[in-house]
Structure formats: C-alpha cells, structure tokens
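Trainee: First the structure, which I've put down as structure tokens, then a few questions once you've had a look.
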Amino acid sequence: MSAQPEPALLHSEEEEALRAAVRDLLTDHCDPAGVIARSESAAVHDVPLWKALSDAMGLAGLLIPEELGGQGASHRETAVVLAELGRAVAPVPYLTSAVVATEALLACGADDLLGELASAATVAALAVGLHVAPGGAFASVRLEDGTLHGELTAIADASAADVLLVPADDGGLYAVRTADATVVPQVSLDLTRPVARVALDGATGRRLGEAAPAVRRALRTGAGLLASEQLGLADWLLTETVRHLKERRQFNRRVGGFQALKHRLARLWLEIAGLRAAARNAADALATGADTDIAVAVAQAHAARVAVHAAEEALQLHGGIGMTWEHPVHLYLKRAKADSIAYGTAGAHREALAALVDLPAP
C-alpha cells in the first residue's frame with residue numbers, strides 16, 4: 001500500500017502572490033471605517049468590492065472548472081482568499097456564493113448556473129440555515145403541484161443573492177430566482193453577514209439534483225474553509241493589538257513592555273499558529289480528498305475558540321475602546337461569535353470527530 005502524501009501546509013509562490021493581490025485590493029477598497037459605515041446602513045453588502053473581487057479578479061469562479069468559465073483552482077487558493085476577507089471583515093457574499101452555493105451546484109452538475117457564477121453575472125445562496133453542520137438535518141419546503149411553499153430561516157446573504165438553492169420535501173434541490181421569493185431580514189449579530197427568512201408561496205423552481213448529497217458537500221466545504229476566514233480574523237486581531245500596545249504608553253512606558261501582557265500575546269500567537277495549521281490542513285484535505293471529514297472536523301473544533309479568544313483579548317487589551325462603534329474591533333468580535341456557530345458548533349464538530357475516529361464517549 002502506497003503512503004499518502006503529507007499535507008502541504010505552506011503557501012506556494014502562486015498562493016503568496018494571490019494573497020498579496022487580494023490584500024492590496026482590500027487595503028484600497030475595504031478600510032475599517034468604510035465597513036463600519038456600511039454595516040450601519042441599509043446596503044450592507046459592498047457591491048463594488050464584490051464586483052472587483054469576482055469580475056475584475058475572477059475570484060468568484062476559483063472552484064469552477066475552466067471549461068465553464070471558472071479558474072479551475074483548488075480549495076487551497078480559495079482558503080487564501082477567505083483568510084484575507086476575514087482579515088478585512090469584508091461584507092461580500094464570497095463564502096456563501098463562491099464556496100457553499102458553488103459546491104452544491106458542482107454536486108448537481110448545474111453547468112449553466114456555474115457559468116453564471118463564474119462570470120459574476122449571478123450570486124447564489126444555499127437556502128439552508130447558517131447554523132447547520134455538515135451531515136446535520138436541514139429544513140425543506142413543500143412541493144405541491146409543481147410549485148414550492150414554505151419558509152426557511154437564518155439564510156446567510158440571501159438579500160444579496162439572485163438565485164436561491166432550495167431543498168424540497170421530495171428530496172430535490174431547486175433553483176429559485178430570488179425575485180420569486182420573499183426575503184425578510186432577521187436580526188443578526190454579525191452585521192457584515194446578514195441572515196434572512198425566505199418565504200415561498202407558489203414559487204417555481206428548476207430541479208437541479210438530489211438535495212442531501214449536494215447540501216452535505218456544500219456544508220462540509222463551507223465548514224472547512226470557514227476556518228481560514230477565522231484564521232484571518234484572529235491574525236488581524238493579534239497584529240492590531242500588538243501595534244496598539246507598542247504605541248500606547250502608561251506610567252511613561254509602552255504598555256506592550258509589561259511582562260503579563262507579553263505572556264498573553266505569546267499564548268494567543270501559539271493558539272493562532274495551531275489554527276493556521278488546522279485551517280491549511282482542512283483546505284489541503286478538501287483539495288486532495290484525503291481524510292477530508294476528519295480534517296474539517298479538527299479545524300472547526302479548534303477555530304471558533306481561537307477566533308473568539310483573539311477578539312476578546314483584543315477588546316480587553318485595547319482598553320475596552322473596541323466596544324465603541326468608532327473602533328473596528330467590535331466588528332471582528334461579532335463575526336468571530338457568529339462564525340462560532342456557523343456550519344456547526346465546535347461541540348458538534350468534536351462529536352463528529354469522535355465518531356470518525358471511533359472514540360466512544362466516557
């Protein structure tokens with residue numbers, strides 16, 4: 001039996017170039033003050049930024065084959081993009097459309113819709129609650145006389161979508177134009193990734209394929225690559241906190257020189273280093289298909305705690321100013337907390353991991 005290759009946890013030259021290009025774009029077009037202002041407005045999603053990412057850079061089609069107009073890249077490159085989007089808390093539907101919905105469409109072989117997503121002509125959203133874990137039960141609508149009826153809640157980025165991918169009670173996954181549904185915003189802790197209730201009352205939809213395998217594939221990929229977003233959040237928070245402590249002075253010395261704070265920062269750095277390895281391993285496993293379920297469960301069992309801890313430490317070590325709307329730390333805290341239940345809680349992933357490695361509960 002041939003041994004499986006070791007996972008590649010370091011960025012390649014091409015991935016480093018992609019990271020630098022995305023970071024430069026976000027530095028120019030997604031500054032913290034702009035994100036704060038947008039989160040307080042009616043137009044949460046940054047459409048010009050989305051166009052720049054998806055159209056000008058072609059990033060919406062990273063996971064879509066070249067013959068359908070996409071880039072034909074892997075989950076590794078997609079993870080690089082998500083880490084940078086996490087660093088900027090960018091209010092764009094990248095995870096929900098370019099990753100989760102795309103994976104569902106790939107599972108169904110919906111080439112026409114994939115072509116629309118790759119060309120940035122369409123944004124899609126999987127109409128499954130953001131909290132649902134891979135393999136978890138998900139709600140569906142009724143199929144009656146060829147039309148769809150019912151409500152689905154906690155659908156992330158539904159307000160930005162042109163097409164909704166809706167599970168029905170006949171076991172199918174249906175493509176429904178958002179214009180044929182009623183999308184009602186729900187209260188969301190993370191203002192940069194809004195959720196909504198989707199109501200269908202006699203909407204027509206096109207059956208794409210079987211819902212169960214498509215949803216499972218989409219949610220597994222979403223959970224695995226969400227770890228890269230959480231890595232980006234945590235990395236920015238640590239970097240910004242270190243910068244702040246180097247500048248802030250107390251008792252005529254820099255606050256960052258106090259040993260107790262150095263220890264807290266060092267401990268956080270070690271946690272983020274572990275998250276970086278887990279997130280890269282999950283992206284590599286999704287790209288290669290090697291031990292994918294285990295890698296995703298490990299990453300998500302670890303990522304939420306680290307990202308939330310990084311946000312809490314940043315808030316405290318900024319002296320509480322992150323609780324004011326003028327400072328961006330509150331955006332990162334809210335995204336980290338919302339991400340901690342997205343695509344399954346850490347506890348759900350630990351339970352799944354225990355079953356995968358045959359580790360019985362005590």
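The values are calculated or read from the model by the stated rules, or taken from the named source; none is laboratory data. All figures in this text were calculated on a predicted structure; none of them were measured in a lab. Heads up, the Cβs are rebuilt from the backbone with ideal geometry, glycines too, and the neighbour counts pull from every protein chain shown. Quick note on the areas: whole protein, heavy atoms, side chains included, nothing else; ligands and nucleic acids left out. Shrake-Rupley method; radii C 1.70, N 1.55, O 1.52, S 1.80 Å.
Trainee: So what's the angle, to the nearest 10 degrees on a 0 to 90 scale, between helix 292-317 and the longest Cα principal axis of the chain?
Mentor: The helix 292-317 is inclined about 40 degrees to the chain.
Trainee: May I pose another question? What is the local net charge at ASP170, summed over the other residues whose Cβ is closer than 11 Å to its Cβ (Lys, Arg +1; Asp, Glu -1)?
Mentor: Counting the neighbours of ASP170, the net charge comes to -1.
Trainee: Which order, highest average first, do 268-281, 290-303 follow once you tally other Cβ atoms within 10 Å for each residue and take the mean per peptide? It would help to have the intermediate numbers written out before the result.
Mentor: Working: 268-281: 19.7, 290-303: 23.1.
Final packing ranking: 290-303, 268-281.
Trainee: How much accessible area per residue does the chain have, counting only protein heavy atoms and a probe of 1.4 Å, in square angstrom?
Mentor: On the way: 15740 Å² over 362 residues.
Heavy-atom SASA per residue in the chain reads 43 Å².
Trainee: So what's the net charge close to VAL298: Lys and Arg +1, Asp and Glu -1, counting the other residues with Cβ under 11 Å from its Cβ?
Mentor: With Lys, Arg at +1 and Asp, Glu at -1, the net is -1.
Trainee: In whole Hz, with x marking every Gly and Pro, tabulate ³J(HN,Hα) for the range 196-204 from phi via Karplus 6.51 cos²θ - 1.76 cosθ + 1.60, θ = phi - 60°.
Mentor: 8, 8, 10, 10, 10, 9, x, 6, 8
Trainee: Here's something else I'd like to know. Can you tell me the 0 to 90 degree angle between the C-alpha axis of helix 259-288 and the longest principal axis of the chain, rounded to 10?
Mentor: With rounding to tens, the tilt is 30 degrees.
Trainee: A follow-up question, please. Ignoring ligands, DNA and RNA, what percent of the accessible area of the chain is carbon or sulfur (1.4 Å)?
Mentor: 55
Trainee: Here is a follow-up. For helix 329-339, what angle does its Cα long axis make with the longest principal axis of the chain, in degrees from 0 to 90 and rounded to 10?
Mentor: The angle comes out at about 40 degrees.
Trainee: Sticking with this one: Taking only DSSP H segments of four or more residues, each worth -39500 (n - 2.57), what value at 222 nm results for the chain once the sum is divided by all its residues, to the nearest 500 deg cm²/dmol?
Mentor: Calculated at 222 nm, the ellipticity per residue is -16000 deg cm²/dmol.
Trainee: Show me 241-247, 55-61 ranked by packing, highest mean number of other Cβ atoms within 10 Å first.
Mentor: Descending packing order for the listed peptides: 55-61, 241-247.
Trainee: Nearest-5 percent of antiparallel DSSP beta bridges in the chain?
Mentor: 85
Trainee: Let me ask something else. Would you please put 25-38, 203-216 in order of how densely packed they are, using the mean number of other Cβ atoms within 10 angstrom per residue and starting with the highest?
Mentor: Ranked by mean Cβ neighbours within 10 Å, highest first: 203-216, 25-38.
Trainee: If you take the square roots of the eigenvalues of the alpha-carbon gyration tensor of the chain and sort them as a ≥ b ≥ c, do you get rounded (a/c under 1.5), prolate (a/b over b/c) or oblate?
Mentor: Here the chain falls in the prolate category.
Trainee: Can you tell me the alpha carbon radius of gyration of the range 254-362 divided by the globular rule-of-thumb value 2.2 N^0.38 Å?
Mentor: That ratio works out to 1.26.
Trainee: Oh, and also: For the range 1-152, what relative contact order do you get, as a whole percent, if you take Cα pairs closer than 8 Å and at least 6 residues apart?
Mentor: Relative CO of the range 1-152 lands at 20 percent.
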